[in-house]
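Peer 1: Shown below is the structure under consideration.
The values are calculated or read from the model by the stated rules, or taken from the named source; none is laboratory data. None of these values were measured; they are calculated from a predicted model. Here Cβ is always computed from backbone atoms with ideal geometry, including for glycine, and neighbour counts include all displayed protein chains.
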Amino acid sequence: MANAFRQRQIHLDFHTSQWFSDVGADFNARDFAQTMKLAHVNSVTTFAKCCHGYLYFDTAVPARHPGLKKGLDLTTAQVDALHAEDIRAPLYISVLFDDLAGDTHPEWIARNPDGSNVGSKPLEPGWHVMDLSSPYQEYLAEQVQEVLTRFKPVDGIFFDICYDVPSTNPYAMTAMLKQGFDPANPADRARFAHEVSQAFMKRFYRMVIASSPKATVYFNSRPMDCLDTEIRTLTHVEIEALPTGGWGYTYFPKNVRYARTFGKPTMGMTARFHRSWGDFGGLKPYAALKYEVSQMLSLGAACSIGDQLHPRGKLDPAAYDLIGKVYGYAEACEPWTQNAKAVSQIGLFMAGAGSSNYMDEPGGANEGAVRMLTQLKHQFDVVTAQSDLSAYALLILPDSVAVDAALAQKLRAYLDKGGSLLFSGASGLGVDHQPVLTEAGVTVEGESPHKATYIRFGSAIQGDELPLDHVLYERGWRLRPLEGAETLAEVVEPYFERNYRHYTSHVHAPPLKKASGYAAVVRKGRVITIAAPIFKAYGSHAALPYRQLVQACINLLMPDRLIEVNGPSTMEVSVMHIPGRKPATVVHLLQFVADHRAPGIDMIEDINPVYDTALSLRLEAAPKQVYLAPSRQTLEFEYVDGRARVVVPVIEGHQMVVFA
């Protein structure tokens with residue numbers, strides 16, 4: 001079985017507790033594989049060990065699921081049937097969740113400082129969370145080794161539930177003290193937990209590759225900002241992001257723009273469920289699943305759709321009818337999506353100092369920046385201080401990016417080579433609250449005493465926004481330009497700050513007539529500084545003038561943008577390059593609108609066509625032809641002043657435009 005990375009995957013959960021006595025009773029290997037084949041699936045992550053701690057293959061150890069009838073080797077039957085249809089079958093193994101091990105060895109469970117279990121409470125449904133610094137890791141290693149031996153060579157191993165777990169389990173306490181950590185210090189507990197995770201990943205990665213050198217290996221549930229160090233223990237990156245399951249519609253596009261910069265294959269993972277994992281009977285609309293898969297393709301990622309097999313072992317026909325329609329389309333797109341690489345002009349840093357969280361808090365600077373740049377149709381990657389910055393025309397440091405001496409030196413070198421910088425909020429400020437880069441041309445006179453101020457646009461950035469003193473809902477900084485810098489927008493302060501003694505009307509006080517003398521936006525050469533945390537403000541409040549302000553700044557710093565499209569703000573645009581003997585540039589246009597219909601649920605039910613969308617793409621030479629894919633309908637175009645111009649007659653959800 002070839003172990004090549006595939007483009008249309010099913011992630012098949014099977015978290016089945018001991019309370020089922022008919023596990024796999026309806027399973028038919030041929031029907032199982034044929035259902036996958038007819039649904040255009042070419043890879044299935046199937047299960048070796050579930051979160052309840054049970055194994056689903058023939059084994060003498062007590063972890064074999066008690067509900068499997070004697071002689072039923074469910075995992076082997078699935079793998080063999082899939083291989084017979086040329087479908088990859090990497091195997092799923094739960095790491096930290098293991099009810100069976102926790103019930104059998106409660107001393108291996110991770111503990112909170114008060115002695116309680118890290119996982120579920122005694123009267124709550126949920127899994128035990130195990131401590132990898134306990135003998136549980138050896139127990140898990142024996143299970144993994146048996147999987148690697150029985151299924152050698154494995155197509156791959158998907159290790160799930162691999163986040164850091166600070167613990168006061170006696171095993172963890174002993175190890176921390178031995179290594180010089182203070183168990184009473186929360187920061188030390190977190191650092192120790194992180195080191196345990198790192199050592200675990202290195203060990204188990206080596207174990208898999210030693211057994212099956214061509215296998216894929218992925219450790220799930222890790223925070224993306226650890227990717228720069230953990231990429232060495234991954235053969236690829238899978239980005240789990242069920243939009244209605246807590247991740248939202250911004251999580252995947254933000255993280256894939258970072259993951260793809262490492263040069264390894266990336267894969268997006270959504271699911272067929274209406275909500276989240278294990279939502280039996282839940283099926284999302286066709287439009288939603290087509291959008292999620294099309295978005296993955298447009299951003300250079302392979303596709304994975306999650307499902308959960310019924311305990312009796314029969315796939316849901318309705319689910320695979322839906323998946324087949326979407327994956328049939330994805331397969332038709334593959335000549336223009338496989339091996340495609342992103343073409344980006346902007347490098348976007350992430351706000352904050354890093355996080356151990358798997359998901360992000362909604363409404364912050366990072367979400368605001370991704371939404372804003374996507375709506376403005378800019379081509380961007382997410383970068384860090386360790387990234388190669390030379391390929392980008394503009395770097396954006398939103399709101400709270402710390403700039404140490406090493407990054408400052410790197411940014412200066414970037415400026416010296418012709419790059420441009422956009423700072424906002426506290427980004428780039430040192431411990432003295434002054435800019436680390438003098439090239440910014442500003443001095444800071446402290447944080448504004450007002451939570452809400454107003455911005456008055458100057459003529460250099462006055463665009464389509466109304467001539468109004470626009471309210472800024474987030475507290476900014478008091479900036480003044482230095483010699484050689486210019487003020488592009490001014491701060492207008494309110495009459496007073498609202499408090500219980502001193503207020504008027506419902507919210508903040510109105511603006512004074514005269515500007516404060518502080519700058520809202522300062523430009524010096526190829527550096528612009530925005531005083532307010534404009535990206536957090538946009539993420540939290542979605543006020544249109546904030547996006548218009550950032551666009552005006554980008555226009556000054558990067559006037560020759562890669563692509564211009566006259567579509568609505570809801571239209572997503574990405575530019576991809578296909579290398580090869582006949583290189584081509586592919587523009588993806590996505591027009592799906594998510595409606596906020598319930599708490600935590602943005603729903604897409606409809607595909608509303610958009611007609612006559614004009615686009616202009618900067619190309620070094622005139623293309624020989626422009627056509628739509630996958631239909632191959634040719635389009636008339638013109639090439640003037642280094643730009644190819646074309647009108648796309650209709651976009652029905654997703655449309656590729658190929659410049660070849």
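Peer 1: Residues that are at pLDDT below 95: list the helices (runs of 4 or more DSSP H) wholly contained in the range 69-155 that include at least 3 such residues.
Peer 2: Output list is empty.
Peer 1: Going through the range 572-598 one residue at a time, which ones are over 21 Å from Arg260 (Cβ atoms), touching a residue at least 24 places away in the same chain (Cβ under 8 Å) and not in a loop (DSSP other than H, G, I, E, B)? Outline the logic, then answer.
Peer 2: In the first step, residues of the range 572-598 are kept if they are over 21 Å from Arg260 (Cβ atoms); the result is 581-582, 591-598.
Next cut, touching a residue at least 24 places away in the same chain (Cβ under 8 Å) only: 582, 591-592, 594.
Within the range 572-598, Gln591 is the sole residue that qualifies.
Peer 1: Right, next: Can you say whether Leu466 is at negative phi, within 24 Å of the chain's Cα centre (by Cα) and surrounded by fewer than 21 Cβ atoms within 10 Å (Cβ to Cβ), as far as the supplied structure shows?
Peer 2: no
Peer 1: Name the residues in the range 410-453 that are among the charged types (D, E, K, R), touching a residue at least 12 places away in the same chain (Cβ under 8 Å) and under 28 Å from Val492 (Cβ atoms), would you?
Peer 2: Glu439, Glu445, Glu447, Lys451
Yes or no, residue by residue, for (1) closer than 26 Å to Asp188 by Cα; (2) touching a strand residue (DSSP E or B) at 6+ places or on another chain (Cβ under 9 Å):
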position	(1), (2)
Asp103	no, no
Ile109	yes, yes
Val118	yes, yes
Tyr136	yes, yes
Val144	no, yes
Asp155	no, yes
Asp160	yes, yes
Thr168	yes, yes
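Peer 1: Also, quick follow-up: Which is surrounded by fewer than 20 Cβ atoms within 10 Å (Cβ to Cβ), free of Cβ contacts under 8 Å to residues at least 60 places away in the same chain and aliphatic (A, V, I, L, M), of Ala241, Ala287, Ala199? Before the answer, list the steps.
Peer 2: Working: Ala241 fails: surrounded by fewer than 20 Cβ atoms within 10 Å (Cβ to Cβ); Ala287 fails: free of Cβ contacts under 8 Å to residues at least 60 places away in the same chain.
Selected residue: Ala199, the only one of Ala241, Ala287, Ala199 that is surrounded by fewer than 20 Cβ atoms within 10 Å (Cβ to Cβ), free of Cβ contacts under 8 Å to residues at least 60 places away in the same chain and aliphatic (A, V, I, L, M).
Peer 1: So, in the range 47-88, exactly how many residues are at negative phi, among the small types (Gly, Ala, Ser) and surrounded by 24 or more Cβ atoms within 10 Å (Cβ to Cβ)?
Peer 2: 1
Peer 1: Counting only residues that are touching a Lys or Arg at 6+ places or on another chain (Cβ under 6 Å) and not aliphatic (A, V, I, L, M), how many does the range 369-388 have?
Peer 2: Qualifying residue count, the range 369-388: 1.
Peer 1: Kindly provide the set of residues from the range 599-654 that are closer than 30 Å to Leu283 by Cα and part of a loop (DSSP other than H, G, I, E, B), ordered by number.
Peer 2: Passing the criteria: Pro599, Gly600, Ile604, Glu605, Asp606, Ile607, Asn608, Pro609, Pro630, Ser631, Glu652, Gly653.
Peer 1: Which condition breaks for Ala515 when tested against (1) without any contact (Cβ under 8 Å) to a residue 40 or more places away in the chain; (2) part of a loop (DSSP other than H, G, I, E, B)?
Peer 2: (1)
Peer 1: Only one residue in Ala393, Ala402, Ala408 is surrounded by 14 or more Cβ atoms within 10 Å (Cβ to Cβ), modelled with pLDDT under 95, farther than 14 Å from Ile530 by Cα and not acidic (Asp, Glu). Which one?
Peer 2: The conditions single out Ala402.
Peer 1: Just to be sure I understand the filter: pairs with C-beta atoms under 9 Å, separated by 6 or more residues or on different chains, first member in the range 391-407 and more than 15 Å from Met350 (Cβ to Cβ), second member modelled with pLDDT under 95 and basic (Lys, Arg). Which pairs pass?
Peer 2: Going by the 9 Å Cβ cut-off, there are no qualifying pairs.
Peer 1: Follow-up question, since we're still on this one. Go over the candidates Ala215, Ala193, Ala184, Ala175 one by one and state the one that is of a type in the set (Gly, Ala, Ser) and surrounded by fewer than 17 Cβ atoms within 10 Å (Cβ to Cβ).
Peer 2: It is Ala184.
Peer 1: Further, regarding this structure: Among Asp98, Asp114, Asp103, Asp86, which is in contact with a His (Cβ under 7 Å, 6 or more places away or on another chain) and of a type in the set (D, E, K, R)?
Peer 2: Criteria check complete, one pass: Asp98.
Peer 1: Same structure again: Provide a single number: the residues in the range 290-314 that are under 30 Å from Tyr54 (Cβ atoms), hydrophobic (A, V, I, L, M, F, W, C) and not in a loop (DSSP other than H, G, I, E, B).
Peer 2: 3
Peer 1: Please identify the pairs in which a residue from the range 648-659 that is touching a residue at least 24 places away in the same chain (Cβ under 8 Å) has its Cβ atom under 7 Å from the Cβ atom of a residue that is β-branched (Val, Ile, Thr) and in a loop (DSSP other than H, G, I, E, B), counting only partners at least 6 apart or on another chain.
Peer 2: Close Cβ pairs satisfying both conditions: Glu652/Ile607; Gly653/Ile607.
Peer 1: Ok, one more. Give Arg206, Arg189 a once-over and let me know the one that is outside the structural domain of Ala302 (by TED's automatic domain parsing), of a type outside the set (A, V, I, L, M, F, W, C) and under 28 Å from His128 (Cβ atoms).
Peer 2: Answer to the selection: Arg189.
Peer 1: Now for a different question. Condition first: free of Cβ contacts under 8 Å to residues at least 60 places away in the same chain and of a type in the set (S, T, N, Q). Now tell me which residues in the range 19-42 satisfy that.
Peer 2: Result: Ser21, Gln34, Asn42.
Peer 1: Further question: For the range 630-647, which positions are under 11 Å from Ser616 (Cα atoms) and of a type in the set (Val, Ile, Thr)?
Peer 2: Within the range 630-647, Val640, Val646, Val647 qualify.
Peer 1: Let me ask another. What number of residues within the range 200-225 are closer than 18 Å to Thr45 by Cβ and of a type in the set (Lys, Arg)?
Peer 2: Residues flagged as closer than 18 Å to Thr45 by Cβ and of a type in the set (Lys, Arg) within the range 200-225 amount to 2.
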